[in-house]
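Colleague: One structure follows; several queries about it will come next.
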Amino acid sequence: MATSVLEARGGCIVPRADERGYHIVYREHETNYCPGCGRTHWYIGRSSAECAFCATALPLENAPMIAGGAIVRTIRRPVYGGVEHAYAA
């Protein structure tokens, strides 16, 4: 039995695409029907599309490829100097 989420998923937090199942996304150059109301009018943003009638929001299919998308990178940098420099005046 797996003792952690990483072990249960084979060492990856996000499962592979073939294991995830169906994901509703807004696809450019296709007719996109709203899963909420079934209409096809959308307000398109940088990372999501919103239905013009019922305000259901969908992520864009290509959002991770545009300007970093939803990828968040954190970097731990060493603190230089003494502790007195770590606080703002």
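The values are calculated or read from the model by the stated rules, or taken from the named source; none is laboratory data. Quantities reported herein were computed from a predicted structural model and do not represent experimental measurements. A quick note on method: Cβ atoms are made from the backbone with ideal geometry, for glycine too, and the neighbour counts reach across all protein chains shown.
Colleague: Among the residues of the range 3-22, is there at least one that is of a type in the set (Gly, Ala, Ser) and modelled with pLDDT of 90 or more? Can you show your working first?
Modeller: Within the range 3-22, the first condition is being of a type in the set (Gly, Ala, Ser), and the residues that meet it are 4, 8, 10-11, 17, 21.
Imposing the further condition that a residue be modelled with pLDDT of 90 or more reduces the set to none.
No, the range 3-22 contains no residue that is of a type in the set (Gly, Ala, Ser) and modelled with pLDDT of 90 or more.
Colleague: Restricting to the range 45-55, name every residue that is surrounded by 12 or more Cβ atoms within 10 Å (Cβ to Cβ) and either over 12 Å from VAL25 (Cα atoms) or more than 16 Å from the chain's Cα centre (by Cα) (or both). Please lay out each step first, then the result.
Modeller: Pass one, the range 45-55, residues surrounded by 12 or more Cβ atoms within 10 Å (Cβ to Cβ): 45, 47-54.
Within the range 45-55, GLY45, CYS51, ALA52, PHE53, CYS54 meet the criteria.
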